[in-house]
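What follows is one structure encoded as structure tokens, with my remarks underneath.
The values are calculated or read from the model by the stated rules, or taken from the named source; none is laboratory data. Not measured: the values here are computed from a predicted model. All Cβ positions, glycine included, derive from the backbone under ideal geometry; neighbour counts span all protein chains shown. These accessible areas exclude ligands, DNA and RNA; they are computed on the full protein's heavy atoms, side chains included. Shrake-Rupley method; radii C 1.70, N 1.55, O 1.52, S 1.80 Å.
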Amino acid sequence: MGLFKLVALLLAADFIGAVDSRAINYPITSASGLGSLSGPRSNYTAFAKALNTAQTSYTCKSEYIDFSDPAALSKFNVAWCPQNAYQTSNSVVWRLTAECGTTMIYPWDFQYGKIEARVRVSPGSGVVSTILLAGPDPADELDWEWVGKDTYTAQSMYFVKGQRVDPNAAFVHTPGDTPQDMAAGFHNYAIELNKDSVKWYIDDWLTRTLPKLDGVPFPSGASRARMG
């Protein structure tokens, strides 16, 4: 069993839109990293597809979510085995069981902005933890991903229209000369989507910058925060 803990989430956006995120049963078959989110493939709940018909009203709004607040989890839609996402006194825990894992989806959309989460990742062979921004299918997507068999390394990836543009993930560790075990303590991880670049951070350290270049696919439609 894998346990992934999150204590706080900051969503700072230039534009965030309120949408109707009704669940639609829809088998995801795209090559996007959405497939790494846990759940029975025969019963995926694709909130991404709901975006295709939702009415979006854009506004300037940022939100800090503290999971010591008992009502914090209610701000999210929980897909797949909702009993596997639960709050403790100071965090939210995502549990992976033999039945399935779970995914939390924040029901507002970015145009440009930053998502930052304070996380302790889950160790264990076969466990994959993810924080990402993704748009409607076929999804533009920006990821932080951790594989449980190597909790000293985080992977940053991106997809455009469900297709992987860079053939390899960028593998990084915590700041400093000595990598830290990311399952042993909490660290801050952030993804910042701008008009002309994407930036990935660990503990306020800029680990990667993806510039927007003429003629090169760019994931500008990565719009909704998901974690699982």
If you go through the stretch 43-65 one residue at a time, do you hit one that is assigned to a strand (DSSP E or B) and at pLDDT 85 or above? yes
Hey, which of the strands (runs of 3 or more DSSP E) in the stretch 83-150, taking only ones fully inside, have at least 3 residues that are charged (D, E, K, R), touching a strand residue (DSSP E or B) at 6+ places or on another chain (Cβ under 8 Å) and closer than 19 Å to Asp203 by Cβ? 113-120
Hey, could you check the stretch 206-228 for residues that are under 24 Å from Ile65 (Cβ atoms) and polar (S, T, N, Q) and say which is surrounded by the most Cβ atoms within 10 Å (Cβ to Cβ)? Ser223
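Results for (1) open to solvent by less than 60 Å² (accessible area, probe 1.4 Å); (2) over 27 Å from Ser220 (Cα atoms); (3) not charged (D, E, K, R), shown as yes or no for each residue.
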site	(1), (2), (3)
Lys75	no, no, no
Val92	yes, yes, yes
Trp108	no, no, yes
Gln111	no, no, yes
Trp144	yes, no, yes
Ser156	yes, no, yes
Val165	yes, no, yes
Pro175	yes, yes, yes
Pro179	yes, yes, yes
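This table checks each residue for (1) farther than 15 Å from Pro219 by Cα; (2) open to solvent by less than 10 Å² (accessible area, probe 1.4 Å).
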position: Glu99; (1), (2): yes, no
position: Thr103; (1), (2): yes, yes
position: Glu116; (1), (2): yes, no
position: Val121; (1), (2): yes, yes
position: Gly126; (1), (2): yes, no
position: Ser129; (1), (2): yes, yes
position: Leu133; (1), (2): no, yes
position: Pro136; (1), (2): no, no
Determine which single condition Asp150 fails, assuming it passes every other condition in (1) touching a residue at least 24 places away in the same chain (Cβ under 8 Å); (2) over 11 Å from the mean Cα position of the chain (by Cα). (1)
I need the full set of residues from the stretch 192-201 which are of a type outside the set (D, E, K, R) and at pLDDT 95 or above, in order please. Ser197, Val198, Trp200, Tyr201
Only residues that are of a type in the set (Gly, Ala, Ser) and farther than 14 Å from Leu142 by Cβ: list them for the stretch 196-223, please. Gly215
